[in-house]
Structures are given as C-alpha cells and as structure tokens.
Amino acid sequence: MASRHEHIEEEEDAMRNKVIAVGAIVFIAYVIGARASRVQVKNRESVGHQVVRLWNDPRARKRRHKAAKKAAAATEKRAKKTMRRLRK
C-alpha cells in the first residue's frame, strides 16, 4: 500500500510541474505578444493624426481586410448551416 501511495504522490508532483510549466509558457507568450503589438506613438502628435496615420498604415489595412474576409466566410458558413437545419 505504501508504494501505491508514493506512486500517486509522484503523479501529482508531475502534474503540478506540468501545470506550472504551461502557466509559465502562457505568461511569457502574453508578455511577448503584448510588447510586439504596441503602437509606436510619435511625440507631440495629436490623437486625430495618430488615428489617421494608424488607419492608413498598410499593415493595419491588411489586418482589417483579412479580418473582414474571415468574418464574411464565417457568416456565410453559419448561414448555410442554419438553412440546412431549417430545411430538415
């Protein structure tokens, strides 16, 4: 019985270590992602000018276009699925 109890404790320790490792990886990924997506704001630039500059940024345009295409595809897929359900 003692060896079975020890085996359970070893499994719990291994699981705890895995949870800690996954949590550390998630935290590191969050920090790196938060730093990478920061907007570069120039000194003494008005808020309105910042908005226009960011709106016209080619990378932002590409992200908006990609997001719009993805949303349209998801909407179309959902509409087809709903129509199939209604026809049954």
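Straight-distance candidates among the lysines for linking to K66, with alpha-carbon spacing under 19 Å and chain neighbours fewer than 8 residues away dropped: K77. Given the choices [x] 71, 58, 17; [y] 42, 29, 19; [z] 61, 27, 14, Cα extents along the principal axes in Å derived from the coordinates of this structure is entry [x]. Full extension of the chain between K18 and A74 yields a length gain of 16.7 nm, computed as 0.36 nm times the residue separation minus the alpha carbon distance. To the nearest ten degrees, helix 58-87 and the longest principal axis of the Cα atoms of the chain are 70 degrees apart. Rounded to the nearest 10 degrees, the angle from helix 2-36 to the longest Cα principal axis of the chain is 10 degrees.
Only the coordinates and a few stated rules stand behind these numbers; no lab work does. This one's a predicted model, so the numbers in the text were calculated from it and none came from an experiment.
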